[in-house]
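Report on one structure; see the data block that follows.
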Amino acid sequence: MILITGGAGFIGSNFVLDWLAQSDEPVINLDKLTYAGNINNLASVKEDQRHIFVHGDIGDTAHVAALLDQYKPRAVVHFAAESHVDRSIHGPAAFIETNVNGTFGLLEAVRAHWSALAVTDKEAFRFLHVSTDEVYGTLGAHDAPFTETTPYAPNSPYSASKAASDHLVRAYHHTYGLPTLTTNCSNNYGPYHFPEKLIPLIITNARAGKPLPIYGDGQQVRDWLYVSDHCAAIRRVLESGQPGEVYNIGGWNEKANLDVVHVLCDILDNLDPKSSGSYRDQITYVTDRPGHDRRYAIDAGKIAQELSWKPAETFETGIRKTVQWYLDNQPWVNNVQSGDYLKWVEQNYSQRSGSKENT
Ligand code: NAD
Ligand code: TYD
């Protein structure tokens, strides 16, 4: 079996569902259930014996050690993190606690467990650390995309905390020989995405008749990857990646934020038209994010060449599926919105001044 952390979050829950759809290997899912962890994401596998949910903190080394001892997983896939840049600006402490100290605690438990394994189990064991392209910093419009050797230059408390965790993972391989794998992926989108991030926020706000907030001029560029493609890439790296190596994962889909929002509005105009006008009428420019990275772009050539992975979805197919998923899953959205999310919206947007598009 494998042990994953953060499997009730956006990417982790997609990973669990995809894993169980493609394999009979059980998954132990360790998650603290922070505001971003949603057990409803896993409702379809509630009765599935192959999914063992454990409520706990990755930084609780004794708890992790007991789980490793009890279940003896062949691999750990580490998704758990505080993941939202805006939250890291408002309150960086939680990011240091989970992403840095938590990853450290997890690594210590894994190191102790791995050190005591028999030689063949030791060689076969893997610790896969799921990270982000944001550790590489920001690109100019004409710069080459990030490769695995691009120097780290994190600009937000979130990306700095992820960079620190990447360095710890690297050091545990280099110093102790722990068979680690690190993946640095671009922006994901798809089902079960918490509506504080751009794409689900725009879809849910649009349908609720609320403003669609564009930070600054909306010309910041992100490279978008459909979440199932990220999960498939992680499975490939787990299966065939070389211990100690880093793999960049991206969608070859660079888009400016405003273009993404226009596409979302146009799909909604088509699938769920308003009684009058377009969803684009709700677009509102708001004060920019402090330290906002201008452009991320990933060169995913290494994983394509060495592990034969490439994304199955284009942006056009993935984004349409995503909008349709939100239209089909309004109860999930209602459930999320009745919680802590509402307080977050108030905290993040009440301090930003706004103006309408074209005014
Ligand atoms: P998310 O915020 O949706 O989910 C994080 C999950 O981790 C939640 O279920 C939460 O309850 C859990 N968690 C948080 N702190 C924990 C702790 N101390 N112990 C145990 N569980 C804890 O995040 P996501 O978007 O699914 O991202 C997953 C991973 O992928 C993160 O490491 C993130 O840095 C990375 N990543 C995300 C993206 C993206 O676009 N979302 C892109 C690249 C990399
Ligand atoms: P986000 O989904 O938070 O991901 P990240 O910051 O990790 O890239 O944001 C994606 C882009 O969208 C980023 O450039 C910030 C921008 N953005 C907005 O313009 N408005 C919003 O309300 C949000 C949440 C993000």
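The values are calculated or read from the model by the stated rules, or taken from the named source; none is laboratory data. Fair warning: this is a prediction, and the values are worked out from it, not measured in the lab. Virtual Cβ from ideal backbone geometry, glycine too; neighbours counted across all protein chains shown. These area figures cover heavy atoms from the full protein model, side chains too; ligands, DNA and RNA do not enter into them. Shrake-Rupley method; radii C 1.70, N 1.55, O 1.52, S 1.80 Å.
Tell me which residues, restricted to segment 294-319, are in contact with a Leu (Cβ under 6 Å, 6 or more places away or on another chain) and open to solvent by 50 Å² or more (accessible area, probe 1.4 Å).
none
Does segment 111-146 hold any residues that are in contact with a strand residue (DSSP E or B) (Cβ under 8 Å, 6 or more places away or on another chain) and open to solvent by 40 Å² or more (accessible area, probe 1.4 Å), and which are they?
ARG126, THR138, ALA141, ASP143, PRO145
Return only the number of the condition from (1) farther than 22 Å from SER115 by Cα; (2) acidic (Asp, Glu); (3) over 18 Å from the mean Cα position of the chain (by Cα) that GLU82 does not satisfy.
(3)
Determine whether segment 245-257 contains at least one residue that is within 21 Å of TYR326 (Cα to Cα) and of a type outside the set (Lys, Arg).
Yes, the conditions are met somewhere in segment 245-257.
Which condition does THR34 not pass, out of (1) open to solvent by 40 Å² or more (accessible area, probe 1.4 Å); (2) within 16 Å of ligand 2 (Cβ to nearest atom); (3) in a loop (DSSP other than H, G, I, E, B), if it passes all the others?
Unmet for THR34, out of (1) open to solvent by 40 Å² or more (accessible area, probe 1.4 Å); (2) within 16 Å of ligand 2 (Cβ to nearest atom); (3) in a loop (DSSP other than H, G, I, E, B): (2).
Going by the structure shown, is LYS255 open to solvent by 10 Å² or more (accessible area, probe 1.4 Å) and assigned to a strand (DSSP E or B)?
Taking the combined requirement at face value, the residue satisfies it.
From the list GLY277, GLY291, exactly one residue is surrounded by fewer than 15 Cβ atoms within 10 Å (Cβ to Cβ), assigned to a loop (DSSP other than H, G, I, E, B) and either of a type in the set (Val, Ile, Thr) or away from ligand 2 (no atom under 16 Å from the Cβ) (or both). Which is it?
GLY277
Any idea which residue in segment 1-29 is nearest to ligand 2 (Cβ to nearest atom), counting only those that are over 17 Å from GLU47 (Cα atoms) and in a strand (DSSP E or B)?
Among them, the one singled out is THR5.
Just to be sure before I move on: is PRO73 within 21 Å of the chain's Cα centre (by Cα) and crowded, with 16+ Cβ neighbours inside 10 Å in the structure I sent?
Here the answer is no, as PRO73 does not meet what is asked.
State the number of residues belonging to segment 162-198 that are more than 9 Å from ligand 1 (Cβ to nearest atom), in a helix (DSSP H, G or I) and over 24 Å from ASP328 (Cβ atoms).
The number of residues fulfilling the criteria is 13.
Out of the residues in segment 320-337 that are aromatic (Phe, Trp, Tyr) and either crowded, with 17+ Cβ neighbours inside 10 Å or not in a helix (DSSP H, G or I) (or both), which is modelled with the lowest pLDDT?
TRP332
Confirm whether GLU97 is charged (D, E, K, R) and assigned to a helix (DSSP H, G or I).
Here the answer is yes, as GLU97 does meet what is asked.
Tell me, yes or no, whether segment 259-272 has at least one residue that is touching a Ser or Thr at 6+ places or on another chain (Cβ under 6 Å) and surrounded by fewer than 17 Cβ atoms within 10 Å (Cβ to Cβ).
Yes - at least one qualifying residue is present in segment 259-272.
ALA232: within 16 Å of ligand 2 (Cβ to nearest atom) and either crowded, with 22+ Cβ neighbours inside 10 Å or not β-branched (Val, Ile, Thr) (or both), yes or no?
no
Can you work out which of the residues in segment 37-70 that are assigned to a loop (DSSP other than H, G, I, E, B) and open to solvent by 60 Å² or more (accessible area, probe 1.4 Å) is farthest from ligand 2 (Cβ to nearest atom)?
So, considering only residues that are assigned to a loop (DSSP other than H, G, I, E, B) and open to solvent by 60 Å² or more (accessible area, probe 1.4 Å), the one farthest from ligand 2 (Cβ to nearest atom) is GLN49.
Could you tell me whether TYR247 is within 12 Å of ligand 2 (Cβ to nearest atom), of a type in the set (Phe, Trp, Tyr), within 23 Å of TRP309 (Cβ to Cβ) and open to solvent by less than 10 Å² (accessible area, probe 1.4 Å)?
In short, no.
Considering only residues of segment 155-209 that are within 11 Å of ligand 2 (Cβ to nearest atom) and either out of contact with any helix residue (DSSP H, G or I) (no Cβ under 9 Å at 6 or more places or on another chain) or open to solvent by 40 Å² or more (accessible area, probe 1.4 Å) (or both), which is farthest from GLY244 (Cα to Cα)?
LEU198
Determine if segment 199-218 includes at least one residue that is more than 30 Å from TYR285 (Cβ to Cβ) and either assigned to a helix (DSSP H, G or I) or within 14 Å of ligand 1 (Cβ to nearest atom) (or both).
The answer is no; no qualifying residue exists.
Could you count how many residues in segment 1-58 are within 9 Å of ligand 1 (Cβ to nearest atom) and among the aromatic types (Phe, Trp, Tyr)?
Count: 3.
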